[in-house]
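Quick notes on the structure that follows.
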Amino acid sequence: YVQGGITETDQWRLTTSFTSNADPIASNWERNDGSGFGLLGTGMTESSGIFTFPSTGYWLIIYKCLAGTQYDPSAHTQGVWIDIKTTLNNSSYTNISSSQQGAYNFSTAYYTGMSLYTDYQFDVTNTTNCKIRFGFGAGQGGEACRGHTSYQHTGVSFIRLGDT
């Protein structure tokens, strides 16, 4: 028997794709409801892209994004980025983790895919004031953040590692 351990895990995903910038990604979030998904504990809550933690503690946040270039043969070099922003006062957000990637379209009418990943360990000392949100940046404006209602194209995992 191991005392303590992980007491909360949750996973959310973007249900639809969108094109252009979003800071934060404010809509179309859902908790994973796939076959075999296991929510441990109470779980996160989300409102307009702002996520609230169910308890204090050290939380590992993993943000993965599937992105793509425009479906345009004339749009060549493309770039995207993702970021995690936190607040300690339920008001002003600070960018604390980012990832960026570029791709080349090769003059086709198909998109070139990109996978981005960033993570952060957040010391949540107060569930009212410590919140988190996620952003997507489209370098030239036409790049897409991919979402799907059945699996994790773009999504976030939350794992409570222990007490603060």
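The values are calculated or read from the model by the stated rules, or taken from the named source; none is laboratory data. Since this is a predicted model, take the numbers as computed values, not measurements. Here Cβ is always computed from backbone atoms with ideal geometry, including for glycine, and neighbour counts include all displayed protein chains. With ligands, DNA and RNA removed, areas are computed over all heavy atoms of the protein, side chains included. Shrake-Rupley method; radii C 1.70, N 1.55, O 1.52, S 1.80 Å.
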I'd like the full set of residues that are open to solvent by 30 Å² or more (accessible area, probe 1.4 Å), touching a residue at least 40 places away in the same chain (Cβ under 8 Å) and over 17 Å from the mean Cα position of the chain (by Cα), limited to the stretch 114-137. Asp123, Thr125, Asn126, Thr127, Asn129
Looking only at residues in the stretch 18-38 that are at pLDDT below 95 and in a loop (DSSP other than H, G, I, E, B), which one is surrounded by the most Cβ atoms within 10 Å (Cβ to Cβ)? Asn21
Condition first: touching a residue at least 24 places away in the same chain (Cβ under 8 Å), open to solvent by 10 Å² or more (accessible area, probe 1.4 Å), outside any loop (DSSP other than H, G, I, E, B) and within 27 Å of Phe37 (Cα to Cα). Can you find one or more residues in the stretch 138-153 that meet it? no
